[in-house]
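> One structure follows; several queries about it will come next.
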Amino acid sequence: MKNKEVAQILDEIAALLEIKGENKYKIAAYQEAARRIENLPEDIERLFKQGKLYQIKGIGESIGQKIKEYLTTGKVSYLEELRKEIPPEILELLKIPGIGPKLAYRLYAELGIKDIDSLEKAAKEGKIRVLPRLGPKVEQNILEAIKEYREKQTVPERIPLGVALPLTEEIVNYLSQYPFIENIVPAGSLRRRKETIGDIDILITTSDMDRVNQVLKNLPILKNILAAGPTKTSIIVEPGIQVDFRVVEKSSFGAALQYFTGSKQHNIKLRELAIKKGLKINEYGVFRISDNKKIGGEKEEDIYEILGLQYIPPELREDQGEIESAMEGKLPNLVEERDILGDMHVHTDWSDGANTLEEMVEVAYKLGYKYVVISDHSQALGVAGGLTPEQIEKQRLKIQELNRKYRDFKILHSIEANILSDGSIDLPEEVLKNFDLVIAGLHSGFKQPKEKITERLVSAIKNPWVDIISHPTGRLINKRPAYEVDLPTILYWAKETGTVLEINAQPDRLDLCDIDARIAREKYGIYLSIGTDSHDIRSYSLIRYGIAVARRAWLQKEDIINTYPWEEAKLKLKRYRNQK
DNA sequence: GCCGTTTTCGGCCCGACTGTTTTCAGTCG
């Protein structure tokens, strides 16, 4: 997939045009096209080859030509020209908060500044304050911003949802105890459950911001305060994460929540829609343009209702077709945590889990599940104490025995088998066929070339005893990119063979990711499974991250196999279908 | 540069805050 590359190129063009002081709508058009392509639920190259490039919204004659040039020659001559005009190093200046394109260009043109070091030098020497419309305050702010920028360099860019969500809940719970805080709700990308978060936004209604600020100053995990005003307070909390608190009137709570939840593109779309209806939306409410009368905004649902839309769940608000669907009343009925009847991927201390089989089973039962899939590692994964055929047979008998103890609950015997470097599975067929189901995944040879990895996965997918592929792309958020794999080929064969793909709920995996999972279901009709990959009893709670991915992927209950009772779920697995 | 159940031309989301200015441009979210 070259979607990301293409998006980056368009973004760079936009940034360079911005510095040049080009028409802002032209710039916006490049940025818009970049966002569209980045979030496109399809391979841009494939679309191009099918001649469907211009079906993508935001891509017209001019941008389309540039994409075409890039996909065929690997270059964009327009961008090369721009780079000659403006050294791309100036783009580095834009990374300093407070420096936008206009200022960056002036600094370059008038002072010859083209990187952060020379910027710092000029600021220290007082060379910036002498320029018209710039003063000492600007210099000081630039120096502080550079200092902070350099400190931040060492910390990973975006915070994984698995870190941000518990932290936010901790803060919200803590603050909820104060009676003068009437309403407190997380907003932003956290509420949309994006896999990583920039900073945490929390919305508050209160009668007394002074006391709220007082409380925030004494927050146990407070590191420092960036700003504390009457409507907005920004702080840094212990792991170095920024939290913005915004205070609004109760009558504007819904509008503010909608606005601060975003995404930006989603909001822009809504506002355009509003204008066509003679309305204006801002964070205070919905207003009639003719007489400026406020007609809604206390509740978030107001905004969608007034625009004649179905209520759009936060996870869908990415301008990926949800507004159009809401208009037609065709939004999906998104899967919920309570729809899940069993965890599809669980380890025990038979391999590298921390808890015993009995403990893992008992907790799954107490959580109200109807079944649990015990899927320890198999022999090739020596470091994880992978099971040999003999151990597997023992475990099978143990599970058989354990199953007699439980009513209305089933322990399913599975394995997370390894796909070896030649694409074979590390257990013989006579062992594989005895499981209730088999999960297989790649745990080695990540550095192999794309063709090889794709081949291995396809070979596993074609294996009649492999029912589910675990963490199909192998990425670890902020740690390791996905291995090189041709996803469309994988999806094609999964569809052909009826193989299920996992949404692994470990917060550093979330694999398949939202975009890929949506493609898998929408374009290929593949079933997904959600498993926590638990290695201890506490990790069962991670299921909510898998649900978050599924919801962002527009998935409904029917799309996920472990929302079905086992007797129905199994009919969707390859081995049972083939037996029919 | 893109787009069209008010348009093939004339629009393109909205507001807060800051620093520099006497009315606003630039930046940010």
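> To test your reading of the geometry: what angle, between 0 and 90 degrees and rounded to tens, separates the Cα axis of helix A:161-176 from the longest principal axis of chain A?
It is inclined by approximately 70 degrees.
> Filter A:Lys26/A:Lys276; A:Lys366/A:Lys557; A:Lys194/A:Lys294 down to the pairs with a C-alpha to C-alpha distance above 24 Å, please.
A:Lys194/A:Lys294
> A further question on this structure: Would you tally the net charge around A:Ala227, using a Cβ to Cβ cut-off of less than 12 Å, leaving A:Ala227 out, and scoring K and R as +1, D and E as -1?
Around A:Ala227, the charge tally is +1.
> Now for a separate question. Can you tell me, using C-alpha contacts under 8 Å and at least 6 residues apart, the relative contact order of chain A as a whole percent?
9 percent
> Leaving out ligands, DNA and RNA, and with a 1.4 Å probe, what % of the accessible surface on chain A is carbon or sulfur?
On chain A, the fraction of accessible area on carbon and sulfur atoms equals 49 percent.
> Then there's this: I need the phi-derived Karplus couplings for the stretch A:45-61: 6.51 cos²θ - 1.76 cosθ + 1.60, θ = phi - 60°, integer Hz, Gly and Pro marked x.
These are the phi-based 3J(HN,Hα) values: 5, 4, 4, 4, 5, 7, x, 10, 3, 7, 7, 6, 5, x, 10, x, 4 Hz.
> How would you classify the stretch A:3-152 from its alpha-carbon gyration tensor, with a ≥ b ≥ c the square roots of the eigenvalues: rounded for a/c under 1.5, else prolate if a/b is greater than b/c, otherwise oblate?
prolate
> Per DSSP H run of at least 4 residues, take -39500 (n - 2.57); add these up for chain A, divide by its residues and hand me the 222 nm value, nearest 500 deg cm²/dmol.
Helix-only estimate at 222 nm: -12500 deg cm²/dmol.
> If you don't mind, another one. Give the distance, in whole Å, between the Cα centre of the stretch A:48-104 and the Cα centre of the stretch A:200-214.
42 Å
> Right, next: Of all the stretches in chain A, which is the longest one without any exposed loop site, taking GluC sites (Glu not before Pro) in a DSSP loop (any state but H, G, I, E, B) with at most 11 other Cβ atoms within 10 Å?
A:329-580
> Given a 1.4 Å probe and the protein chains all in place, what does the accessible area of A:Lys57 round to, in Å² to the nearest 10?
120 Å²
> Determine the relative contact order of the stretch A:337-579: mean sequence separation of Cα pairs under 8 Å and six or more apart, normalised by residue count, in whole percent.
The value is 20 percent.
> Amide H to amide H, which residues 5 or more places from A:Lys410 or on other chains are under 5 Å from it, using H placed in the peptide plane?
A:Tyr371, A:Val372
> Once you have a ≥ b ≥ c as the square roots of the Cα gyration tensor eigenvalues for the stretch A:247-316, tell me rounded if a/c is under 1.5, and otherwise prolate or oblate according to whether a/b is larger than b/c.
Oblate, because a/c is 1.5 or more while a/b does not exceed b/c.
> Might you tell me the accessible area per residue for chain A, computed with a 1.4 Å probe and given in Å²?
Per-residue accessible area for chain A comes out at 46 Å².
> If you don't mind, there's one more thing I want to ask. Among A:Ile306, A:Tyr406, A:Asn578, whose Cα sits farthest toward the positive end of the charge dipole of chain A (+1 at Cβ of Lys/Arg, -1 at Cβ of Asp/Glu, about the Cα centre)?
The one lying farthest along the dipole's positive direction is A:Ile306.
> Cut-off under 20 Å on the C-alpha distance; same-chain residues fewer than 8 positions from A:Lys447 excluded. Which aspartates and glutamates are left, in chain and number order?
Filter leaves A:Asp422, A:Asp426, A:Glu455, A:Glu484, A:Asp486, A:Asp508, A:Asp511.
> What is the helix-to-structure angle for A:3-20, meaning the angle in degrees between its Cα long axis and the longest Cα principal axis of chain A, kept from 0 to 90 and rounded to the nearest 10?
10 degrees
> Could you go through the stretch A:501-514 in sequence order and give the Karplus-derived ³J(HN,Hα) for each residue, using 6.51 cos²θ - 1.76 cosθ + 1.60 with θ = phi - 60°, rounded to whole Hz, and x for Gly and Pro?
For the stretch A:501-514, the Karplus curve yields 10, 7, 9, 7, 8, 4, x, 8, 9, 6, 9, 4, 8, 4 Hz.
> Sequence neighbours fewer than 8 away in the same chain don't count; with that in mind, list the lysines whose C-alpha is under 18 Å from A:Lys217.
Within the straight-line cut-off, A:Lys217 pairs with A:Lys232.
> I've got another one for you. Distance from the Cα centre of the stretch A:117-131 to that of the stretch A:263-288, in angstrom?
Using only Cα atoms to place each centre, the spacing works out to 42 Å.
> Once you order the gyration tensor axes a ≥ b ≥ c over the Cα atoms, which shape class does chain A get: rounded for a/c under 1.5, otherwise prolate or oblate by comparing a/b with b/c?
prolate
> May I pose another question? Positive end of the dipole of chain A, charges at C-beta (+1 Lys, Arg; -1 Asp, Glu), about the Cα centre: which of A:Ser251, A:Tyr564, A:Asn213 has its Cα farthest in that direction?
A:Ser251
> Please list A:Phe253, A:Phe446 in order of solvent-accessible area, largest first, computed with a 1.4 Å probe with all protein chains present.
Accessible-area ranking of A:Phe253, A:Phe446, largest first: A:Phe446, A:Phe253.
> Another question about this same structure. Leaving out same-chain residues fewer than 8 places away, which lysines sit with a Cα under 18 Å from that of A:Lys20?
Those lysines meeting the cut-off are A:Lys84, A:Lys95, A:Lys102, A:Lys114.
> Tell me, what HN-Hα J-couplings in whole Hz come from the Karplus equation 6.51 cos²θ - 1.76 cosθ + 1.60 at θ = phi - 60° for each residue of the stretch A:116-131, using x for Gly and Pro?
Once rounded to whole Hz, the list reads 5, 4, 6, 5, 4, 4, 4, 5, 5, 8, x, 8, 7, 5, 7, 6.
The values are calculated or read from the model by the stated rules, or taken from the named source; none is laboratory data. Owing to the predicted nature of the structure, the values given are computational and were not obtained by experimental measurement. Here Cβ is always computed from backbone atoms with ideal geometry, including for glycine, and neighbour counts include all displayed protein chains. SASA here: full protein model, heavy atoms, side chains in, ligands and nucleic acids out. Shrake-Rupley method; radii C 1.70, N 1.55, O 1.52, S 1.80 Å.
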